[in-house]
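Each remark here refers to the structure printed beneath this line.
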Amino acid sequence: MTAAQAATPVLSQDPDEFVKLDSVAKIYGETVAVQSVSLSIRRNELFALLGSSGCGKSTLLRMLAGFESATSGRIYLDGEDITDLPPYRRPVNMMFQSYALFPHMTVQANVAFGLKQEGVPRAEIHERVFEALDLVQMGAYSRRKPNQLSGGQQQRVALARSLVKRPKLLLLDEPMSALDKQIRQKTQIELVKILEQVGVTCMLVTHDQEEAMTMAHRLAVMTEGQIVQCGTPHDVYSFPNSRFVASFIGSTNLFAGTIVVDESDHVVIESPELARPLYVDHGVSEPLGMDVHVSIRPERIRVLREQPDGDSNWAHGQVAHVAWMGSYALYQVKLDSGLAVHASVPALSLAQADAPALGDEAYVAWSSDSATVLPS
Ligand code: ADP
Ligand code: MG
């Protein structure tokens, strides 16, 4: 081992910085795949990297695994600088999109493979393999070959194979992409339970926002090789910091406008798309006169027959579309200004109220705590 390969300790052993990326970048010729990402992951955290295809997620994951070297920046794991360590020297395991199980080997042999290579004694291998298979509830399938298993079962075997090596960091690249939509959600919840039970630090990469929201303790939204927001699923959904994040995480209504009243406890925004102003019951960092966008989630919008009270936070229009989604209906109301507003109305309240139907005149309304003000 050369001096550069030796893991060097760093000062910080902060549990909030169990994994730490410090200005990590990856450039392939002309392509900047990852540009200066700084990020910390806590011990035993399930962290999701969320972004659309091509934004650099896999590249970042591959740098953590050591399959790609960083063009610049440092990577630390549990207080060690691992930036220059080859993959086999890193206490990191990556579960691939395709699972990459050996087709000619049994489940048991697949899970044992890595330990055999490490020269772990036979008795210990046997014990650890069955412990891992029990954990993913595949103990009864140990003698089967991968092609005798369903997609979900293959995924659990791949997970057992990753966990059996007791990595400090587990990397999952789009772990559900080979599964049918129906079993995906069930599998997401199962996987979280297993990972929490084992107590492993995990970085999950996905382009599926529901998957990230379901599985992650915290997530980072990535676009064009950069992280644009990081936080709990709840915080990122409720307090997006940009139009991009507001539209990427869930769907939203965006109104362009200008701040016309700026107080510490409320602001008023006028939008050419709305006949009446938006009244927001909190202060914002943007100054008076600033052009902004206001985001209001569809579930915050009510659809009414009668004109609401007050002089703000409502608009008049006509129901242009109603999609029945089972537990809720998705309304599209075309405002007098021509703007389409989306509202999701719970089925229960539809049944109770005399809700407007397709083609009816309607009012959309929202409360003053529903809006998020975003930079334009
Ligand atoms: P994601 O996983 O988010 O879909 P990737 O990390 O795979 O994105 O890719 C990010 C960008 O880097 C893309 O533009 C991709 O074409 C480019 N890229 C990835 N790997 C290589 C490579 N080995 N050589 C050149 N460009 C690459
Ligand atoms: Mg990828």
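The values are calculated or read from the model by the stated rules, or taken from the named source; none is laboratory data. Because the structure is predicted, anything quoted here is derived from the model rather than measured. Here Cβ is always computed from backbone atoms with ideal geometry, including for glycine, and neighbour counts include all displayed protein chains. Only protein heavy atoms, including side chains, enter the accessible area calculation; ligands, DNA and RNA are left aside. Shrake-Rupley method; radii C 1.70, N 1.55, O 1.52, S 1.80 Å.
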Checklist entry - Would segment 72-79 turn up any residue that is of a type outside the set (Ser, Thr, Tyr), more than 16 Å from ligand 2 (Cβ to nearest atom) and loosely packed, with under 15 Cβ neighbours inside 10 Å? => result no
Checklist entry - Does Ala4 meet the test of being at pLDDT below 95, more than 16 Å from ligand 2 (Cβ to nearest atom), more than 24 Å from Val200 (Cα to Cα) and not in a helix (DSSP H, G or I)? => result yes
Next on the checklist: If I ask for residues that are over 26 Å from the mean Cα position of the chain (by Cα) and closer than 17 Å to Ser370 by Cα, which ones from segment 310-351 would you list?
Outcome noted: Gly310, Asp311, Ser312, Asn313, Trp314, Ala315
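Out of the residues in segment 162-211 that are among the acidic types (Asp, Glu) and either part of a loop (DSSP other than H, G, I, E, B) or not assigned by TED's automatic domain parsing to the domain that holds Val92 (or both), which is modelled with the highest pLDDT? First the steps, then the outcome.
Going through segment 162-211, the residues among the acidic types (Asp, Glu) turn out to be 173-174, 180, 190, 196, 208, 210-211.
Adding the requirement that they be either part of a loop (DSSP other than H, G, I, E, B) or not assigned by TED's automatic domain parsing to the domain that holds Val92 (or both) leaves 174, 180, 208.
Working: Glu174: 89, Asp180: 81, Asp208: 93.
Top of the filtered list is Asp208.
If we keep just the residues of segment 338-376 that are within 21 Å of Val267 (Cβ to Cβ), polar (S, T, N, Q) and out of contact with any helix residue (DSSP H, G or I) (no Cβ under 6 Å at 6 or more places or on another chain), which is surrounded by the fewest Cβ atoms within 10 Å (Cβ to Cβ)?
Restricting attention to segment 338-376, the residues satisfying the condition of being within 21 Å of Val267 (Cβ to Cβ) are 339, 341, 364-376.
Now restrict to residues that are polar (S, T, N, Q): 367-368, 370, 372, 376.
If we keep only those that are out of contact with any helix residue (DSSP H, G or I) (no Cβ under 6 Å at 6 or more places or on another chain) as well, we get 367-368, 372, 376.
On the way: Ser367: 13, Ser368: 14, Thr372: 20, Ser376: 11.
It comes out as Ser376.
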Checklist entry - Asn147 passes all but one of (1) at pLDDT below 95; (2) under 21 Å from the mean Cα position of the chain (by Cα); which number fails? => result (2)
Checklist entry - Of all residues in segment 81-95, how many are touching a residue at least 60 places away in the same chain (Cβ under 8 Å) and touching a strand residue (DSSP E or B) at 6+ places or on another chain (Cβ under 6 Å)? => result 6
Checklist entry - Only one residue in Phe102, Phe67 is within 16 Å of ligand 2 (Cβ to nearest atom) and of a type in the set (Phe, Trp, Tyr). Which one? => result Phe67
Next on the checklist: Where the second residue is open to solvent by less than 40 Å² (accessible area, probe 1.4 Å) and the first is free of Cβ contacts under 8 Å to residues at least 12 places away in the same chain and lies in segment 360-376, which pairs have Cβ atoms under 9 Å and are six or more apart or on separate chains?
Outcome noted: none
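Examine segment 168-183 for a residue that is within 15 Å of Thr106 (Cα to Cα) and either open to solvent by less than 80 Å² (accessible area, probe 1.4 Å) or of a type in the set (Val, Ile, Thr) (or both), and state whether such a residue exists.
First, pick out the residues of segment 168-183 that are within 15 Å of Thr106 (Cα to Cα): none.
No, there is no match, as no residue in segment 168-183 is within 15 Å of Thr106 (Cα to Cα) and either open to solvent by less than 80 Å² (accessible area, probe 1.4 Å) or of a type in the set (Val, Ile, Thr) (or both).
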Checklist entry - Tell me, which helices (runs of 4 or more DSSP H) wholly within segment 46-142 include 2 or more residues that are away from ligand 1 (no atom under 16 Å from the Cβ)? => result 107-118, 122-135
Checklist entry - Of the residues in segment 199-225, how many are more than 17 Å from Ser251 (Cβ to Cβ) and surrounded by fewer than 17 Cβ atoms within 10 Å (Cβ to Cβ)? => result 3
